[in-house]
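As C-alpha cells, the structure follows; a few thoughts come after it.
The values are calculated or read from the model by the stated rules, or taken from the named source; none is laboratory data. Given the structure is predicted, the values throughout are model-derived calculations rather than measurements. Please note: Cβ atoms are built from the backbone with ideal geometry, for glycine as well, and neighbour counts cover all protein chains shown.
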C-alpha cells in the first residue's frame, strides 16, 4: 500500500476503459468470478463489488480501518490484508487493528489481531496458506524499517514469518510453477523471485528493477510475464521470464497505479486500480492472466510449494 499526496492527472490512455470512479483510494482488486470483481477502498474502510459490465459498484462490507490487499480463500471466502489505518486516516467508524480479516458470507472475523504490523497485500498459495506482505512502515524513499512476508494458516490460525529484512514488502504473487513466489519491495524499487518451501523461501536470483516509479501490486500472466503497478511512476509495466522490461504503459500524470489483477471469463482483461477519482480501469493485455493458485485441501492431487502439479492421463 502506497499513499498519494497528489490527485492531479490527465485522462487515462486511449487503451484504458474507466470501469468505475468515486470509490476512494482504490487498491487490491481480485476477481470473484469471471465478470465480478472486489476492490478495496483504503481510506473508506470498505470493500466494493463491481462487474465488468460497468454497472454501479456496491459495498460488500464495511470492514473499517484500511483494507488493502484482497485474496480468495480455498472455500470462496475473501481474506483482507487490513493495515488498521496505519497508511492513511480512515473515514470508517468501524474500528479495526492491523490484522488479516476474513469475510465468509456476511460474517467478518479478524483471527490474527495484534500479531502483525500492517498487512499490505496477500495471495492464497498452492499450499492453502495465506501468504501476505507485512511492512513495518510505509517509507518509500530513504531508510525505513525492514518488513516481512508471513503466512497465516486458516485452519490452525498459526502465523509464521517466511522472509524478513525486506524494504517495504508490498505486492505478492505466485508464478506458474507453484514454488515461484514474487515479492515487490517498494522502497528498494525491485521485484524479486523466491523459491517457496514448506519452511520458508529463498531468493533464486531473478530480479526486476523498476526503471521509474515504485512497485506496488503485481500479477503474473499465462506467458509468465510479471505485471507491476508503478504507483508514483503513473504506469504499469510487464517483465518477461528473463526479467526484461517488455511493456511500460503510461496512465497519465497523477494516475498512481496501486494494484492490478486479471479478470474476465478467460482472464483476458487487466484491471488496474488508481486513487485518481477513486478509479478502476480496464485494459486489454497481450496475454491472458495466470489462474490464481487456489487448490482446496481436500481435493486429490493437491500440491504444495516445491511440488509440481502432476499431468493427467493414463501414464503410470
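Quick look at the numbers
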quantity: Scan of the range 135-150 for residues that are within 20 Å of residue 201 (Cα to Cα) and either surrounded by fewer than 21 Cβ atoms within 10 Å (Cβ to Cβ) or at pLDDT below 90 (or both), ordered by number; calculated: 136, 146, 148
quantity: Flag if residue 18 is over 21 Å from residue 148 (Cβ atoms), touching a helix residue (DSSP H, G or I) at 6+ places or on another chain (Cβ under 9 Å) and not in a loop (DSSP other than H, G, I, E, B); calculated: yes
quantity: Residue 305 modelled with pLDDT of 95 or more, within 26 Å of residue 215 (Cα to Cα) and not in a strand (DSSP E or B); calculated: no
quantity: Qualifying residue in the range 239-252 (condition: in contact with a strand residue (DSSP E or B) (Cβ under 7 Å, 6 or more places away or on another chain), at pLDDT 95 or above and under 21 Å from residue 31 (Cα atoms)); calculated: no
quantity: Residue list for the range 236-259, filter: over 19 Å from residue 173 (Cα atoms) and buried (at least 24 other Cβ atoms within 10 Å of the Cβ); calculated: 251, 255, 256
quantity: Close pairs (9 angstrom Cβ cut-off, 6 or more residues apart or separate chains): at positive phi and touching a residue at least 40 places away in the same chain (Cβ under 8 Å) in the range 37-54, in a strand (DSSP E or B) and surrounded by fewer than 23 Cβ atoms within 10 Å (Cβ to Cβ) anywhere; calculated: 45/62
